[in-house]
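I have placed the structure first, in the form of structure tokens, so that the comments after it can refer back to it.
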Amino acid sequence: MTLTAITLLCFAALLPFPGLGRGGNSGEQHGVVSSQVSINVVVSNKFANELNTYPVTAPKGMPIFGILNQLQDNNQLNFTYSISKSYGIFLESVNGLAGSTENKTYWELLSKRNKKTTPLNVGIGCYQPEKNENFIMNFTTWA
Ligand code: B12
Ligand SMILES: *[C@@H]1O[C@H](CO)[C@@H](O)[C@H](O)[C@H]1NC(C)=O
Ligand SMILES: *[C@@H]1O[C@H](CO)[C@@H](O)[C@H](O)[C@H]1NC(C)=O
Ligand SMILES: *[C@@H]1O[C@H](CO)[C@@H](O)[C@H](O)[C@H]1NC(C)=O
């Protein structure tokens, strides 16, 4: 249920006509046992000298938002978010630390694969990690 809503939210952000996202579930395989992917969720905060890695497995195709909720439900980490009507889910805080306009700080989202680190070009509601990837939440500053 939740995931369906999230999927729609992601499509709503990506499609000019939100209605097209409904019921499509494009790219998903049904009727087969979906495979699991192993990934590492990494929380990085240079300012506080924090670097925590959380290994997780999740069904292939699950957005990072679902994976973060799994970790939160298991009391491993916590996070908060807000909803942007335009772009979906914005990650506000991780483990009690929030970004802020006042301090020009935010949680930057990055992906590390084969030693190559790249910033994500979508938010946590849309991003689907691949197996063996490091999904990084990096507390940083802008401007
Ligand atoms: C400024 C900006 C930011 C600032 C916003 C804070 C601030 N006060 O300035 C900061 C640096 C925090 C930011 C972060 C990110 N951003 Co940004 N950002 C923008 C930018 C350049 C302008 C937004 C704006 O001020 N609009 C004007 C105001 C009046 O409209 P608004 O709707 O109220 O704006 C708010 C939202 O846009 C929100 N916001 C900003 N970025 C993002 C990203 C996501 C996923 C969400 C849900 C909300 C969100 O913050 C704005 C201020 O409150 C836009 C591109 C653009 N030209 O629109 C990209 C843009 C929205 N960001 C984008 C992305 C990808 C990100 C990040 C995921 C990048 C990353 N790898 O970490 C992160 C978000 C991570 C997280 N914690 O969830 C993409 C979203 C694409 C998509 N389809 O989802 C855009 C479109 C740029 C692009 N073309 O790639 N961003
Ligand atoms: C989230 O985690 C931080 C750091 O581990 C902790 O201080 C805070 O109390 C937690 N918040 C919630 C709501 O569990
Ligand atoms: C800004 O940073 C200071 C110092 O780290 C912190 O005490 C304060 O709570 C931050 N402001 C916001 C709005 O988060
Ligand atoms: C994470 O943020 C720190 C502090 O701003 C920055 O020095 C570092 O380059 C960032 N890491 C990545 C992988 O971008």
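The values are calculated or read from the model by the stated rules, or taken from the named source; none is laboratory data. All figures in this text were calculated on a predicted structure; none of them were measured in a lab. When we count neighbours, we look across all protein chains shown, and the Cβ atoms used for this are built from the backbone with ideal geometry, even at glycine. For the accessible areas, the whole protein counts, side chains as well, though only heavy atoms, and no ligand, DNA or RNA atoms are used. Shrake-Rupley method; radii C 1.70, N 1.55, O 1.52, S 1.80 Å.
Sort Leu71, Leu120 by heavy-atom solvent-accessible area, probe 1.4 angstrom, most to least.
Leu120, Leu71
Could you state the accessible area per residue of segment 33-143 in Å², with a 1.4 Å probe and every protein chain left in place? Mind dumping the intermediate values first?
Working: 6590 Å² over 111 residues.
Solvent-accessible surface per residue comes out at 59 Å².
Can you put Ser34, Ser84 in order of accessible area, largest first, using a 1.4 Å probe? Write down the numbers at each step before the final one.
Working: Ser34 65, Ser84 40 Å².
Most to least solvent-accessible, the answer reads Ser34, Ser84.
Measure off 7 Å from each Cα along the Cα-to-Cβ vector at Thr80 and Asn103, then give the distance between these two points in nanometres to one decimal.
Result for the modelled spin labels: 1.4 nm.
For Thr117 and Thr57 in the same chain, what is the full-extension length gain: residue separation times 0.36 nm, less their Cα-Cα distance, in nm?
Values: separation 60, 0.36 × 60 = 21.60 nm, distance 2.07 nm.
Taking Thr117 through Thr57 to full extension adds about 19.5 nm, to one decimal.
Which GluC sites (Glu not before Pro) from segment 35-143 combine a DSSP loop assignment with at most 16 other Cβ atoms within 10 Å?
Glu102, Glu130, Glu133
Hand me the trypsin sites (Lys or Arg not before Pro) from segment 28-130 located in a DSSP loop with no more than 13 other Cβ atoms within 10 Å, in residue order please.
Within segment 28-130, the qualifying trypsin sites (Lys or Arg not before Pro) (loop, at most 13 other Cβ atoms within 10 Å) are Lys85, Lys104, Lys115.
Going by amide H atoms built from the backbone, whose H comes under 5 Å of the H on Ser84, apart from near neighbours?
The answer is Ile89, Phe90.
Given labels modelled 7 Å from the Cα in the Cβ direction, how far is it in nm from Ser93 to Ser35?
Distance between the two pseudo-spin positions: 3.9 nm.
Residue-wise, which Karplus ³J(HN,Hα) couplings in Hz belong to segment 138-143, taking 6.51 cos²θ - 1.76 cosθ + 1.60, θ = phi - 60°, and x for glycine or proline?
Once θ is set to phi - 60°, the couplings for segment 138-143 become 10, 6, 8, 10, 10, 6 Hz.
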